[in-house]
1. Rounded to the nearest percent, how much of the accessible area of the range 350-427 (1.4 Å probe, protein heavy atoms only) is carbon and sulfur?
2. Which value, in Å², gives the accessible area per residue of the range 294-421 when a 1.4 Å probe is used on the protein heavy atoms?
3. Expected output is a single nm value to one decimal: the length gained when fully extending between T157 and K268, i.e. 0.36 nm times separation in residues minus the C-alpha distance. What is it?
4. Counting Lys and Arg as +1 and Asp and Glu as -1, each charge on the Cβ, what is the dipole of the range 124-166 about the Cα centre in debye, to the nearest 20?
5. Dividing the alpha-carbon Rg of the range 30-85 by 2.2 N^0.38 Å yields what?
6. Report, to the nearest whole %, how much of the accessible area of the range 229-347 belongs to carbon and sulfur atoms, 1.4 Å probe, protein only.
7. What FRET efficiency comes out for the pair N182/Q37, r = Cβ-Cβ distance, R0 = 51 Å, nearest 0.05?
8. Expressed as a fraction of 2.2 N^0.38 Å, the rule-of-thumb size for a compact globular protein of N residues, what is the C-alpha radius of gyration of the range 134-286?
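The values are calculated or read from the model by the stated rules, or taken from the named source; none is laboratory data. Worth saying up front: this structure is predicted, and the values here are computed from it rather than measured. Because the Cβ atoms are built from the backbone with ideal geometry, glycine has one as well, and the counts that use them run over all protein chains shown. Keep in mind that these areas ignore ligands, DNA and RNA; they rest on the heavy atoms of the full protein, side chains included. Shrake-Rupley method; radii C 1.70, N 1.55, O 1.52, S 1.80 Å.
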Amino acid sequence: MKLLLKNAKKLSSASEEETCEVLIVDNKIAEVGKSIQVTADQTIDCEGNLLLPGFIDVHIHLREPGGEHKETIKTGTKAAARGGFTTVCAMPNTNPVPDDVQSVRSLLEKIQTEAEVRVLPYAAITKGLQGTEITDISKLSQEGVFAFTDDGVGIQTADFMLQAMKQAAATGKAIVAHCEDNSIVYGGVMHDGEVSKKLGLPGIPSLSESVQIARDVLLAEAAGCHYHVCHVSTKESVRVIRDAKKAGIHVTAEVTPHHLLLDEMAVKEDNANYKMNPPLRAVADKEALLAGLLDGTIDFIATDHAPHAEDEKAKGFQGAPFGIVGLETAFSLLYTHLVQTEKCSLQQLVDWLTVRPAEVFNLPYGKIVEGIAADLTLVDLKKQNKINKNSFFSKGKNTPFHEWEVQGVPVLTISEGKIAYKEDEHE
Ligand code: DOR
C-alpha cells in the first residue's frame, strides 16, 4: 500500500514554507522530498498545510478497564488522533490496575483491537497503587510496558521508592512519578494561596510536591535510574529539578498545557472544571514553568488528559474528582497562547510535543525521516476555532477551555501509515 502526501509544507530552520511531499509505503515513511513522482494507491492533497511528526503524549488516562463511563480505549484514542497525537502512554489507575503479567497482557490485547493510535501502557510501581507492595518490575518490564508509575498518588516512603528505582534501573525502564507527600496535603482541593482563602476552600501547599521531588532526585542518584517527574506545577519543583540536572542526576520532567496557560486566578468560583492534581498554582509558578521549559529544565509537554463524567464533575471542588481533559485542545491552545504571543517559537512547541519526549524515553518516533513508522500530523495554522466541549470525541467534557477562541488546528493525523483522523470526514 502506497500513500502519497502532496503539497504539504515542513518546518525548516530557514523558513516555514519549505515544500514537502511524503511517500508512505507499508506504514513506513519511504521517501521525503520536494516532489515525488510515483503512482500511489492513495494521494492526499495537503493544501499547503504544515506537516509535523505525530505528537507524543506520555501522560494520559484512558480509564479502560473499569472506568468506561468516563473514557474507553476507543474514545480516548479517537480524541488523541483528533488532537494530532499518534503515540499516547496510558496511566495505570484503572480497575484492575496493570500490576501483574496477566493484567498487562489483557490490557495489551484490548489496545491491539481497540486503539486508533499507538498506546504504550504503564505498569504500576506498587500493587493496586496501594503503596504497600512493589510489583515485579523485572518481569513486567519484559511484557512491553512503557515505564513504571503510580500516577494519581505519590509513593509515600523513601524505602519503597528506592527499592523500585533500583529494580527499574536494572531493567532500563524509567520511574515516572506523581509527586505528592500526603502528610502535607491537609485535605486540600486547590492551590493553597490567595484564591483558596477567598473561596474558603482547603489548599494544597506547593511543598507537598517539591519536597517529594527533592527526596526522589537523591534516591534516583543513589539507584542510578531514570527518574521522570509528572506534571510539574511549582517554582520550587523547577528549582529542585534544575539543580538535580546540574548535578548530573538522570532526571527529566513534563509540564501540562493547563499549568502553562492558567493559574489560580482563573478559579473564579466553585467550578470543578478547574480542579486537577496538581492544582493550578500562583502566577509566579506559571511563569517559572515556562522559564523551566524554555531553559530545558522541563523537557517537554504532556496533557494529563483525565476524563471524568459530567455528574461527577458537577459536585464542585469539595466533591468532584481531580482532572481535566486535554488531548483535543493541547495544540491549538499552545499554538495560540505560546507561539502567537511569541513566548516560544513554533519549532520549540513542536519539539516539546514530538522529538523531546521521544528522546527522553528512547522512542523511535517523533521525526519525519525515512525508514520509521509513518506517524504524521498535518496542521492548519490559519484555521480559527472556538473550543466546544460538546464536539469532543472524548467522553470527558471536563475542560476549563470551553469557548476559548484558538487558532491552529490539526486537520489530518496518520498513525503508523493509517489515517486515524481527517477533519472533513468528521465534521
Ligand atoms: O488531576 C488528576 N487527575 N491528577 C492525577 O494525578 C490523576 C488524574 C486522574 O486520574 O483523574
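1. Summing carbon and sulfur atoms, their accessible area is 42 percent of the total for the range 350-427.
2. 38 Å²
3. Gain in length upon complete extension: 36.4 nm.
4. 80 debye
5. For the range 30-85, the normalised Cα radius of gyration comes out at 1.66.
6. After summing per-atom areas, the C and S share lands at 50 percent.
7. In this case the efficiency is close to 0.25.
8. Against the compact-globule rule of thumb, the ratio is 1.09.
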